[in-house]
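The values are calculated or read from the model by the stated rules, or taken from the named source; none is laboratory data. Quick caveat, the model's predicted, so the values are computed rather than measured. Positions of Cβ are backbone-derived with ideal geometry, glycine not excepted, and every protein chain shown enters the neighbour counts.
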Amino acid sequence: MKIPYYHIDAFTRFPFAGNPAGVCPLENWLPDETLQKIAAENNLSETAFFTPVGDHFKLRWFTPAIEVDLCGHATLASGYVLTQFLEYTKPVIRFETRSGDLFVERQGDILTLDFPSRPGEPQETPAALVEGLGKEPLEVYRARDYLAVFADQADILAINPDQEQLARLDCLGIIVTAPGEKVDFVSRFFAPRAGIPEDPVTGSSHSTLIPYWARRLNKTKLTAQQRSARGGELFCELAGERVKIGGHASTYMRGEIEI
């Protein structure tokens, strides 16, 4: 069996930056075990699989270790593949997912995700979080992930996480964030329990970041950078109970998987 495969760098204008995602368009679903093995073989933070369902698509995401309930960069990459290579011409793509219906809208060379907002609730600071990050945050919130807020961008860049300590936390991932020097806010994202020591650019974390910074900065449109080694830029908006997460994408590779 041959499966079309696309390797797309998301949230960047250029190859070798942003977050690489594998994208596999399928005519019919393969066994979950096979999907997980493909994701593990790709060894990217996520591989996306989608199938057509009437006028929309069903979309799933797998890390090298588990299936996840929400992924931004691989959704953006899937929208890019549909519009760039698979002749999808409607202005908005609807994806049916474990997190409900998600949408991707193409406006010029920017793809904008329409995701649910996931505001965090204030939390006591877990000891493993402090030990894992090497510094106590100013504030801690919890949604799907822990959100740890620091004073400035330098704090974020200086974090050298203890992955073993962070893996003790009962969550998918840990977001660290602070005001940016050239953008509204910066962040990084660690998810050792999902097999991702550090994710290069994490769209789904912005479902929690955007409502926090919109409230703190008293503005609904924000610019953001994820300050991983690869780095990425995001154009954000709070839209009621939804968030808009925009970015570019770049093609690195097209091919076929043979199984």
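Here are the numbers for this structure:
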item	result
Residues being part of a strand (DSSP E or B), touching a strand residue (DSSP E or B) at 6+ places or on another chain (Cβ under 7 Å) and under 20 Å from LEU59 (Cα atoms) - total across region 88-147	18
Tabulated pairs, region 191-219, first closer than 18 Å to ARG230 by Cβ, second among the basic types (Lys, Arg), C-beta under 7 angstrom, 6+ apart or interchain	GLU198/ARG188; PRO200/ARG230
Complete set of residues in region 24-46 that are closer than 13 Å to ALA77 by Cβ and either in a loop (DSSP other than H, G, I, E, B) or out of contact with any Leu (no Cβ under 8 Å at 6 or more places or on another chain) (or both)	CYS24, ASN42, LEU44, SER45, GLU46
Which listed residue is among the hydrophobic types (A, V, I, L, M, F, W, C) and over 19 Å from SER205 (Cβ atoms), from VAL68, VAL23, VAL104	VAL23
Test: THR97 is of a type in the set (Ser, Thr, Tyr) and either surrounded by 15 or more Cβ atoms within 10 Å (Cβ to Cβ) or in contact (Cβ under 8 Å) with a residue 60 or more places away in the chain (or both)	yes
Among the residues listed as ALA178, ALA224, the single one being under 22 Å from GLU131 (Cβ atoms), of a type in the set (A, V, I, L, M) and assigned to a strand (DSSP E or B)	ALA178
Odd one out for GLU181 among (1) of a type in the set (D, E, K, R); (2) surrounded by 23 or more Cβ atoms within 10 Å (Cβ to Cβ); (3) free of Cβ contacts under 8 Å to residues at least 40 places away in the same chain	(2)
Matching option when the condition is in contact with a strand residue (DSSP E or B) (Cβ under 9 Å, 6 or more places away or on another chain), of a type in the set (Gly, Ala, Ser) and over 18 Å from ALA143 (Cα atoms), among SER228, SER187	SER228
Count of region 151-175 residues which are in contact with a helix residue (DSSP H, G or I) (Cβ under 8 Å, 6 or more places away or on another chain) and outside any loop (DSSP other than H, G, I, E, B)	6
Residue in region 6-14 that is crowded, with 21+ Cβ neighbours inside 10 Å, assigned by TED's automatic domain parsing to the domain that holds ASP101 and of a type in the set (A, V, I, L, M) present	yes
Residue check for LEU76: at pLDDT 95 or above and not assigned by TED's automatic domain parsing to the domain that holds PRO197	yes
Unique residue being more than 13 Å from the chain's Cα centre (by Cα) and under 23 Å from THR97 (Cβ atoms) when the list is PRO211, PRO161, PRO192, PRO197	PRO211
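Condition check ((1) in contact (Cβ under 8 Å) with a residue 40 or more places away in the chain; (2) of a type in the set (Asp, Glu); (3) under 21 Å from GLN225 (Cβ atoms)) across all residues:
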| residue | (1), (2), (3) |
| --- | --- |
| ILE110 | yes, no, yes |
| LEU113 | yes, no, yes |
| ALA127 | no, no, no |
| GLU136 | no, yes, no |
| VAL140 | no, no, no |
| GLN153 | yes, no, yes |
| ILE156 | yes, no, yes |
| PRO161 | no, no, yes |
| GLY173 | no, no, yes |
